[in-house]
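What follows is a set of notes on a single structure, which appears directly below.
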2 protein chains.
Amino acid sequence: MYTKYNIMIEHTSISEPIYLRLKEMILNGELKQGEKIVQEKIAELLGVSRTPLMKALLALENEYLVKSIPRRGMYIRSWDQKEIIDIYVCREAIEGMAARLLAQAGDKTVVQQLKDCFSPFQNSDHIDIDVYTKADEKFHSLLIKLTGNEPLDKIYFFGNIHDKVIGHGLIRPPEETLDEHFKIIKAIENGDANEAEKVAREHIKKSRELLFDT
Amino acid sequence: MYTKYNIMIEHTSISEPIYLRLKEMILNGELKQGEKIVQEKIAELLGVSRTPLMKALLALENEYLVKSIPRRGMYIRSWDQKEIIDIYVCREAIEGMAARLLAQAGDKTVVQQLKDCFSPFQNSDHIDIDVYTKADEKFHSLLIKLTGNEPLDKIYFFGNIHDKVIGHGLIRPPEETLDEHFKIIKAIENGDANEAEKVAREHIKKSRELLFDT
DNA sequence: ATATTGTATTTTGTATACAAAATACAATAT
DNA sequence: ATATTGTATTTTGTATACAAAATACAATAT
């Protein structure tokens, strides 16, 4: 037990750091898929009470990372093949629309930021997979964020699940996807909304089709 | 105050009825946009404590109906013009994809259910606006639900905001939209995925453009 | 008259107590 | 040996207490 109410001044509420820690624990596998979250246990582990923990868990439930069964408890979510495909279909719709919006907006700084994600790999003969994976994640979340459409960003919580599902790797090699990324950026730069949406969608679709041999 | 723990056996938790009641209160205007939710007040009004109320409020926050400002409180959300447009853009992406999926699925019962929404109005010379509004809401939520894509349904919480925003009416007259609805259904029936997505999108887009003269 | 400060009141965020439900597991019956 | 019942233990859902932060508002200074 610790002295009440006189520590922790770095944040507005402890729910937030709890939320972040739990998310980290889920994504890096400290908490395993299907595992039950016994509230008292996790609360003690994190040195907090159940109230802010519950708040964090509800937020994670909304992001599809935690599943609650009433009166039974909260569980780390696991995804079967159908759910993963369904999530990729959502991504296809969301990212496609994002690419369209960016193409319509015609903002040079947007194009620059997207290019910056991949410039380190452009003339490199060996691409470090871990670095590229990070860049890829960055690119996809940036694509949504840069639209400035807050609701669109809010419904794009699938990015997290993505790299959890495929186990910290890539579905397809950088040689293949790097070019697709540039095609998306190019279409945005050209202000070709239809093309931007089309290639953004195909990019996601190809990965989905390769995840399982659909 | 009421006797503890021995009433209310019709549901697994009281958060749920609280959630439903609050949602109703927000949508029918009992709670006004921008209004602060003083937890103790609402909890007393509903005859519950702050704990399950908070749970309900967090769920509503995730649906964009409530906005939380840390340490300040929870407020009924209000939407400015940009947000409403952004929400319609999301709907365009989601409903467009839903129509595509249904067209690909080629399920006759799906088509029938969609037709059933509007069959009462087909040969009628006078359409009751309230009845038609209900049918319209039903159609749009059904379009998503029938895909069987749970994540897609989860991110489609904008339907609520829709009729809140426009004040329980319709943006465009039934004469205009009824035909569009049938066009969407027809494309789904024909299994024409591209056409289905296209007309579903145009349908939303037209309404968006009419909401404000964009 | 307006701005500033200080105090009282309200409200939030968190911890905790406790009843009811769920679960574990031993004792008993088949 | 397996199934069933009953009891003990664990865990959840809810209410509530209390500190700290936010707010309201009166008293004082400019």
- line: With the dipole of the range B:81-211 defined by +1 on each Lys or Arg Cβ and -1 on each Asp or Glu Cβ, the option from B:Tyr156, B:Thr109, B:Leu142 whose Cα lies farthest towards the positive pole is B:Tyr156
query: So if R0 is 30 Å, what FRET efficiency would A:Glu202 and A:Glu30 give, r being the distance between their Cβ atoms, rounded to the nearest 0.05?
result: 0.25
Prolate/oblate/rounded call for the range A:81-211, Cα gyration tensor, a/c under 1.5 rounded: oblate
- request: Compute the label-point distances linking A:Ser141 to its equivalents in the other copies; points lie 7 Å from Cα along Cα→Cβ; give nm, one decimal, shortest first.
  value: 3.3
- line: Expected output for the range B:49-92, residues with a loss of 40 Å² or more in accessible area relative to the chain alone at probe 1.4 Å, reads B:Lys55, B:Leu58, B:Asn62, B:Tyr64, B:Asp86, B:Val89, B:Cys90
- request: Determine the dipole magnitude for chain B: charges of +1 sit on the beta-carbon of Lys and Arg, -1 on that of Asp and Glu, nothing else is charged, the reference point is the Cα centre, and the result goes in debye to the nearest 20.
  value: 980 debye
- line: Binned at 5 Å from zero, the C-alpha pair distances of the range A:79-149 give percents of 3, 15, 20, 19, 18, 15, 8, 2, 0
Probe 1.4 Å, protein heavy atoms only - accessible area per residue of the range A:14-62 in square angstrom: 53 Å²
field: Positive-end residue of A:Ile184, B:Leu45, B:Asn62, charge dipole of the protein assembly as shown with Cβ unit charges
entry: B:Leu45
task: Distance check, please: which entries in B:Lys41/B:Lys134; A:Lys183/B:Lys183; B:Lys154/B:Lys183 exceed 30 angstrom between their Cα atoms?
output: B:Lys41/B:Lys134; A:Lys183/B:Lys183
- request: Putting +1 on Lys and Arg Cβ atoms and -1 on Asp and Glu Cβ atoms, find which of B:Ala99, B:Leu20, B:Tyr75 reaches farthest to the positive end of the dipole of chain B.
  value: B:Tyr75
- prompt: So what is the calculated 222 nm ellipticity per residue for the protein assembly as shown, using -39500 (n - 2.57) for each DSSP H run with n of 4 or more, over all residues, to the nearest 500 deg cm²/dmol?
  reply: -20000 deg cm²/dmol
Accessible area of A:Ser78 in the full protein assembly, 1.4 Å probe (Å², nearest 10): 60 Å²
In Å², nearest 10: area of B:Asp153 left accessible to a 1.4 Å probe: 50 Å²
- prompt: Taking amide H positions as placed 1.01 Å from N in the peptide plane, with prolines and chain starts having none, which residues 5 or more places from A:Ile37, or on another chain, fall under 5 Å of its amide H?
  reply: A:Met74, A:Tyr75, A:Ile76
task: Mind telling me which of B:Lys67, B:Lys154, B:Lys138 comes out most flexible in a GNM of chain B, alpha-carbon contacts under 10 Å?
output: B:Lys154
- prompt: In units of 2.2 N^0.38 Å, what is the alpha-carbon radius of gyration of the protein assembly as shown?
  reply: 1.06
- request: About the Cα centre of the protein assembly as shown, how large is the charge dipole given +1 on each Lys and Arg Cβ and -1 on each Asp and Glu Cβ? Please answer in debye to the nearest 20.
  value: 1560 debye
field: Shortest-first nm distances, A:Lys32 label point to equivalent points in other copies (7 Å, Cα→Cβ)
entry: 5.6
- prompt: Chain pair A, B: how much accessible area is buried, both chains summed, with a 1.4 Å probe, in Å² to 100?
  reply: 2700 Å²
statement: Distance in nm between A:Leu45 and B:Gln104 label points, each 7 Å along Cα→Cβ, equals 3.8 nm
field: Span-like helix ranges in chain B, DSSP H, alpha carbon extent 15 angstrom or more, Kyte mean at least 0.0
entry: B:15-27, B:50-62, B:81-105
task: Taking the Cα centre of the range A:15-76 as origin, sum charge times position over the Cβ atoms of Lys and Arg (+1) and Asp and Glu (-1), and report the length of that vector in debye to the nearest 20.
output: 260 debye
Label geometry 7 Å along the beta-carbon vector: B:Gln104 inter-copy distances in nm: 2.3
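The values are calculated or read from the model by the stated rules, or taken from the named source; none is laboratory data. Here the structure is a predicted model, which means the values were calculated and not measured. For neighbour counting, all protein chains shown are included, and Cβ atoms are generated from backbone atoms with ideal geometry for every residue, glycine included. SASA here: full protein model, heavy atoms, side chains in, ligands and nucleic acids out. Shrake-Rupley method; radii C 1.70, N 1.55, O 1.52, S 1.80 Å.
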